[in-house]
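Contents: one structure, followed by commentary.
The values are calculated or read from the model by the stated rules, or taken from the named source; none is laboratory data. All figures in this text were calculated on a predicted structure; none of them were measured in a lab. Counting neighbours? That spans all protein chains shown, and the Cβs are built from the backbone with ideal geometry, glycine included. Accessible surface areas use protein heavy atoms only, side chains included; no ligands, DNA or RNA. Shrake-Rupley method; radii C 1.70, N 1.55, O 1.52, S 1.80 Å.
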Amino acid sequence: MRYMTGTGASGPMFTVAHVTYSDSTGFGALGESEKRGLPVFGPRGISWSPCEGDRVLLMRENGADICLGVLSPDGLAPGEIMASTPGGAVLHLKANGEIRLNDMVIPPPQKGGS
């Protein structure tokens, strides 16, 4: 695994690894060695699992490996949020106030109008 930052034995080490498999039991990520059964962290109320081929950020702290997140795709404007699934479902909260749910577009609320 390639260490990006860290303080060695006295602090956490960070690594970017490629997900080699993912199923309902967990996932494996490969760097210099393969890691399996890692806990996955995310914002409260959002549960997720990395997909095969994703690049994940792993942290090693006190001998334990933890998955902190997946490398985000390019193309989002500042402040935008997009959630997608391998099956094609997409929820995109756009910076201009639009909400896109697959092919449906919900326009932003009117400002100052009645």
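Some observations on this one:
- Taking the conditions (1) open to solvent by 50 Å² or more (accessible area, probe 1.4 Å); (2) in contact (Cβ under 8 Å) with a residue 40 or more places away in the chain in turn, Met59 satisfies each one other than (1).
- Taking the range 1-110 and the strands (runs of 3 or more DSSP E) fully enclosed by it, the elements with 3 or more residues that are among the β-branched types (Val, Ile, Thr) and at pLDDT 90 or above are at 13-23.
- When the range 17-45 is filtered for residues that are touching a residue at least 12 places away in the same chain (Cβ under 8 Å) and loosely packed, with under 11 Cβ neighbours inside 10 Å, the ones remaining, listed by number, are Glu32, Ser33, Pro39.
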